[in-house]
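Asker: If you scroll down you'll find the structure; I have some questions about it.
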Amino acid sequence: MHELRFRQIHLDFHTSPAIAEIGSRFDKKQWQTALQDGHVDSVTCFGVCHHGWNYNDTTVGERHPHLDFDLLRAQYDACKEIDVNVPIYITAGVSNRVAEAHPEWREIAPNGSYAAWTSSTLDAGFKSLCFNSPYTDYLCELIHEIVEQYPACDGIFLDIISQAQCCCVFCMRSMVDGGLDPTDEADRTEMSRRSLERYYRMATEACRSTNPDMPVFHNSGHITRGKRDLLKYFSHLELESLPTGGWGYDHFPVSAKYCHRLEHDFMGMTGKFHTTWGEFGGYKHPNALRYECAAMLAFGSKCSIGDQLHPCGEMDMSTYGIIGAAYAEVEAKEPFCINTDNIADVALLSASAVDPTGPRMDTADDGAARILLEGHVLFDVIDTDMPFDRYRVLLLPDDVRVDDELIAKINAFLAGGGKLFLSGKSGWTRDDQPACDIGAMWEGESPYQPDFIQPIPELAPDFAADPIVMYLPSQRIRVTDTTRGTSLGKIYDPYFNRSWEHFCSHQHAPPKPNPSGYDCAVLNGNTMYLAHPVFTHYRATGAVAHRDYALKALRMLLGDDERLSVNLPSTGRVTLMDQPAENRYVLHLLHANTITRGGPMELSGGNLSRATQSVEVIEDIVPLHDTRVALQLDSPITKVTIEPQGTEIPFEMDGDRIRLTVDSFACHQMVVLWR
C-alpha cells in the first residue's frame, strides 16, 4: 500500500493563454518559505492544465505560450531541497487546446451536440474529450513524457475521469463492431463503461512505464461505493470534498467511513477558498480550515488543501499563514493518527453501493449518515463484498433491494447473533416483494402521502407524544402474530390526499382521530423494521422528530451492545480508532457550529455560475465543557491522556465500561486510552 504524507497541497494552475508573464515572479526562496510557513510536506504541481498547456519542457504537448522556462522543474527542485514531496498533475478528461485542435476527439452527446461544461459554444468553459478516441493515445504520450522526465516524482494525479454516453465517430464504430446498438441507451452506457476501462488501463500503464511503483490517482470528484473492480488502477485515494464548494460538511465523513474499509491509504481534500476551485482572493476563515483538517484526522484520513497559484507564479502568503495554522496542529497530532482502524457498532450498507445505476450520492445514505453522525453512533459505510460479522447491527436505509446472494449473507449474519435494521423498502426484492422476515404482514404501499405515526413512548421524541407527520408513503404492515413481532407504534391516516377535489388549509389534511390499524414499526427478535423511508425524510427536511425516532429505534435494537455514550451536542462528531501498533485507542471529539450565509447574486460564471445559493460557514469555535464519555472496550485501560497536550486525566471503571470527563475542548480533542 502506498503511504501518504499528512499535510498536502493540491496547487491548481489552470491558466489562460490570454494571460502574459506566466511564472515571471516565481522565486525559489519565496516558494520554499510559503511551504514551510504552511507546514506543508507534499504539493501537487502542474504538468498539464485544463486549458491544455504544459508547464514543463515538452515535445509532445505545447508549453504555455507566455512561459519561457520549465516552471515544473523549478518547482520540483525547490520542493526537493526542503523534503517536500511532488506529485504531478495532468488533466485527462478535458483539454481545451486539444479539443480545439482535434474536434473529432471530443465527446458527442446522443443529440449530436458537443459535450462540455457549458451548454453553449459561446459560453466560457472546458470541453470534454472521448476516451475511446485517439485522444487517449495522445494523453498517454503526454504522461509517458512526464514520467520519463520525473521518474522519482511522488505520483501522477489524473483529473476529470468520466465518460458520458458518446456518439462520436469512434464510439459509433466501436459499438457496431462490438455488437452494440447505438440507438439503445443501455448499449451506449455499456460503451461508456468500456471506454472508461480502456482509459484506466492505458493511462495507468503509461504512468508506470518508467517506474512500476509510481503512485497513481484518477480523480472523478467522488469515490463511488461498490465499484471496486477499478481500484486496481489506484495506488491511493483522494476524497475531493470542499464543504463550501457543493459537497457540504457531511460528504467527507461518509466517504471516509467507506474508504477506511478499503485497502488503500487515503486523504481528504478540502480547499482554502471561501467557495470553490478557481477562486482568487477568496479566503476561508482559519477556524474552518482547522476544523476540516481535524475532521480528516478523526475519520482516519491524511490531509490535502486545495489552493490556486497566481499565473505569475508567486505564492499567496496569506493563504499559507491560514494553512499553517491548521497544519501546525495536524503535525502535532500525526503520531496518534498513523495506522489506525475505525471501531464501529453499526454497518451502514450503502444504497448507492448496492445499486450502481442510481445517483452517486443517495439521499437515503446521506440521511442515515447524518442521523448516525448527529447521534454519535460508531459506524462504518460498507458495500456488499465487505464482511458483516465485525458489526453488531447491519443498517439498510430505505431502499436497499436484495437478491438471493445478499439475503443469504444477511441471514448468516443474523444466525451469528447480528442485528438487522430496515426501513421503507429495504430488504425488498427488485420486483417489490419483502424478502426479510420482519414479523408482520405486508399489505402493499399506503395510498396516503403524507400520513402520521405515533410510536410507543420509548421511541417517541421527548417533545412530541402526539402523531408526527411523515412526508413520504409508508409500507402497510400489520402485526398479527405477537409471538413473532412486537408493534412499536401506530399509523394514523389523513382524511384524504390533497387534490382539487378536496384539500385542507395550506398543506395536508390532518390525521383522523383513530389509528388506521397499521403499524409504524415492528421488532422481530434481532430484526427492527420502520415502515417509512425515515432516512430520506431526514435528508430532505431535517426534522429532529424523525431523527430522534430513528435513533431511539436503533438504540433499542442495539441495547447493551452499544459501545459509546457521549453528551456532545448534535453538531459534535465522534470517532473511536484503534492504534494496535501503539497499544492504544484514540477517541476523537470534534465540534464546530456551521452557519448558513449568503444568498442570490449575479456572478461572472465559471464554477459558481449556478451557485446563487447560501454557503455553510464555520467562523467561531466555541469551547465545550464537561464532555462525559462512557466506553465499552475489549481491553483493560491503564491510563487516559488528552493529546497532543500529553496531560493525564482521571477515569473510573463501571463494570465493563470506562467513564471519563473532558473538562474543556475547542474544535478537536484526542482522548488516548492506553492499554
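Asker: Within the set of other residues whose C-beta is less than 13 Å from the C-beta of Glu21, count the net charge using Lys and Arg as +1 and Asp and Glu as -1.
Answerer: Working: positive: Arg25; negative: Asp68, Glu314.
That sum, taken over residues with Cβ under 13 Å, equals -1.
Asker: Counting DSSP beta bridges with both partners in segment 77-222, what percentage is antiparallel, nearest 5?
Answerer: Working: 4 of 11 bridges.
Approximately 35 percent, going by the DSSP bridge assignments.
Asker: Give me the number: length gained by fully extending Asp213 to Thr571, i.e. 0.36 nm times residue separation minus the C-alpha to C-alpha distance, one decimal in nm.
Answerer: Working: separation 358, 0.36 × 358 = 128.88 nm, distance 4.18 nm.
Extending this stretch completely gives an extra 124.7 nm.
Asker: Arranged from highest to lowest average of other beta-carbon atoms within 10 Å per residue, in what order do the peptides 543-549, 647-653, 519-525, 151-157 appear?
Answerer: Details: 543-549: 21.6, 647-653: 11.4, 519-525: 23.3, 151-157: 19.1.
Top of the packing list down: 519-525, 543-549, 151-157, 647-653.
Asker: Label 7 Å along Cα→Cβ of Glu100; segment 37-79 residues with amide nitrogen under 14 Å?
Answerer: Those under the cut-off are 50-54, 62-66.
Asker: For Lys257, which lysines qualify as cross-link partners when the Cα separation must be under 19 Å and same-chain residues fewer than eight apart are set aside?
Answerer: Partners found: Lys227, Lys302.
Asker: Taking 0.36 nm per intervening residue step and subtracting the Cα-Cα distance, what contour gain separates Arg484 from Ala540 on full extension?
Answerer: Numbers: separation 56, 0.36 × 56 = 20.16 nm, distance 3.33 nm.
Extra length from Arg484 to Ala540 when fully extended: 16.8 nm.
Asker: Still on this model: Let me know the shape class of segment 487-572, please: from the alpha-carbon gyration tensor, a ≥ b ≥ c as square roots of the eigenvalues, rounded when a/c is under 1.5, otherwise prolate if a/b is greater than b/c, or oblate.
Answerer: Numbers: a/c = 3.31, a/b = 1.68, b/c = 1.97.
The shape class here is oblate.
Asker: What whole-number distance in Å separates the alpha-carbon centres of segment 274-317 and segment 126-167?
Answerer: If we compute the Cα centre of each part, the gap is 26 Å.
Asker: More than 18 Å apart: what percent of Cα pairs in segment 565-674 qualify? Walk me through the numbers on the way to the answer.
Answerer: Numbers: 3468 of 5995 pairs.
For segment 565-674, the fraction of Cα-Cα distances above 18 Å is 58 percent.
Asker: Relative to the present Cα-Cα distance, how much length would full extension add between Thr189 and Ala464 at 0.36 nm per residue of separation? Kindly include the intermediate steps, with their values, before the conclusion.
Answerer: Numbers: separation 275, 0.36 × 275 = 99.00 nm, distance 4.83 nm.
So the chain would gain 94.2 nm between Thr189 and Ala464.
Asker: Counting only Cα, what are the radius of gyration and maximum Cα-Cα distance Dmax of the chain, in Å?
Answerer: Over the chain's Cα set, Rg and Dmax evaluate to 26.8, 82 Å.
Asker: Follow-up question, since we're still on this one. Taking Lys409 as the anchor, which aspartates and glutamates have their alpha carbon closer than 13 Å to its alpha carbon, excluding any fewer than eight residues away along the same chain?
Answerer: Cross-link targets: Asp383, Asp385, Asp389.
Asker: Determine which lysines satisfy two conditions relative to Lys512: a Cα distance under 21 Å, and not lying fewer than 8 residues away in the same chain.
Answerer: Lys490
Asker: Still on this structure, I have one more. Nearest 20 debye, what's the magnitude of the dipole of segment 344-562 about its Cα centre given +1 on Lys and Arg Cβ and -1 on Asp and Glu Cβ? Display every interim value, and only then the final one.
Answerer: Working: 19 positive and 32 negative charges, 89 e Å.
Using only the charged Cβ atoms, the result is roughly 420 debye.
Asker: So which trypsin sites (Lys or Arg not before Pro) in segment 211-283 pass both tests, a DSSP loop state and at most 14 other Cβ atoms within 10 Å of the Cβ? List each step's numbers first, then the result.
Answerer: Details: sites: Arg225, Lys227, Arg228, Lys232, Lys257, Arg261, Lys272; in loops: Arg225, Lys227, Arg261, Lys272.
Passing sites in segment 211-283 are Lys227.
Asker: Dividing the Cα radius of gyration by the Kirkwood radius, what Rg/Rh value follows for segment 563-606?
Answerer: Here the Rg-to-Rh quotient is 1.31.
Asker: What shape does segment 257-329 have by the C-alpha gyration tensor, where a ≥ b ≥ c are the square roots of the eigenvalues, rounded means a/c under 1.5, and otherwise prolate means a/b greater than b/c and oblate the rest?
Answerer: Details: a/c = 2.37, a/b = 1.81, b/c = 1.31.
Prolate, since a/c reaches 1.5 and a/b exceeds b/c.
Asker: Give the shape of segment 2-74 as rounded, prolate or oblate, defined through the alpha-carbon gyration tensor: a ≥ b ≥ c are the square roots of its eigenvalues, a/c under 1.5 means rounded, and otherwise the shape is prolate if a/b is larger than b/c and oblate if not.
Answerer: Details: a/c = 2.27, a/b = 1.57, b/c = 1.45.
Prolate shape, in that a/c is at least 1.5 and a/b is the bigger ratio.
Asker: Per-residue ellipticity at 222 nm for the chain, helices alone: DSSP H runs ≥ 4 residues times -39500 (n - 2.57), over residue total, nearest 500 deg cm²/dmol? Display every interim value, and only then the final one.
Answerer: Working: 14 runs with 164 residues, N = 675.
Here the helix-only value at 222 nm equals -7500 deg cm²/dmol.
Each value in this text was obtained by applying a stated rule to the coordinates, not by laboratory testing. As the structure is a prediction and not an experimental result, all values here were calculated from the model. Note that each Cβ is placed from the backbone with ideal geometry, even for glycine, and that neighbours are counted across all protein chains shown.
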